[in-house]
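The values are calculated or read from the model by the stated rules, or taken from the named source; none is laboratory data. Keep in mind that what you see is a predicted model, and the values were worked out from it rather than measured. Cβ atoms come from the backbone with ideal geometry, glycine included; neighbour counts cover every protein chain shown.
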Amino acid sequence: MTETDNIWFTLLTCNMNMNHVNNEYAERTEFGRALFNSGMTMAIVNGLTVADISDNAVANLGWDEVRLPHPVYVGDTLYAESTILSKRPSESRPYAGLVHVATRGYTQEGTTVITFKRTAMIYTREGSPKAGLRPAGS
């Protein structure tokens with residue numbers, strides 16, 4: 001996580017809390033330094049799960065129980081791990097199913113910085129727009 005990432009995202013989202021953009025102010029807080037924007041923490045950790053969880057999604061349906069137990073700082077590296085909590089066929093869309101996932105984001109030191117649950121609607125193999133795009137067996 002770079003300072004530039006933090007400032008750009010903070011400006012883009014109009015979140016001008018001084019904890020994100022004013023180092024002198026942040027040094028006077030209990031954290032002693034600037035905090036990485038928690039909205040970007042959520043976006044990055046969620047993004048890290050796309051290849052494993054929702055690359056074939058119709059749509060994300062919701063995020064629940066978002067918790068931020070520890071701050072992220074400039075210079076941290078983020079990782080993510082997810083656990084499938086449940087899955088079922090969609091009742092309204094025969095080409096898709098619903099997957100409920102718990103995700104944990106953590107730093108290079110193993111410190112948990114975010115947890116959340118989300119539900120995504122995922123295409124079935126047969127119902128996906130990707131069906132037939134790749135040669136069989138690849």
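Looking at the structure I just gave you, is residue 118 within 30 Å of residue 131 (Cβ to Cβ), outside any helix (DSSP H, G or I), of a type in the set (Lys, Arg) and modelled with pLDDT of 95 or more? When the stated conditions are applied, residue 118 passes them.
Among the residues of the range 41-57, what is the count of those that are touching a residue at least 40 places away in the same chain (Cβ under 8 Å) and either touching a helix residue (DSSP H, G or I) at 6+ places or on another chain (Cβ under 9 Å) or among the aliphatic types (A, V, I, L, M) (or both)? Reasoning before the result, please.
Going through the range 41-57, the residues touching a residue at least 40 places away in the same chain (Cβ under 8 Å) turn out to be 41-42, 44-46, 48-49, 53-54, 56-57.
Among the residues that remain, those that are also either touching a helix residue (DSSP H, G or I) at 6+ places or on another chain (Cβ under 9 Å) or among the aliphatic types (A, V, I, L, M) (or both) are: 42, 44-46, 48, 53-54, 57.
Of the residues in the range 41-57, 8 are touching a residue at least 40 places away in the same chain (Cβ under 8 Å) and either touching a helix residue (DSSP H, G or I) at 6+ places or on another chain (Cβ under 9 Å) or among the aliphatic types (A, V, I, L, M) (or both).
Among the residues making up the range 74-90, a single one is touching a residue at least 40 places away in the same chain (Cβ under 8 Å) and touching a Ser or Thr at 6+ places or on another chain (Cβ under 6 Å): 76.
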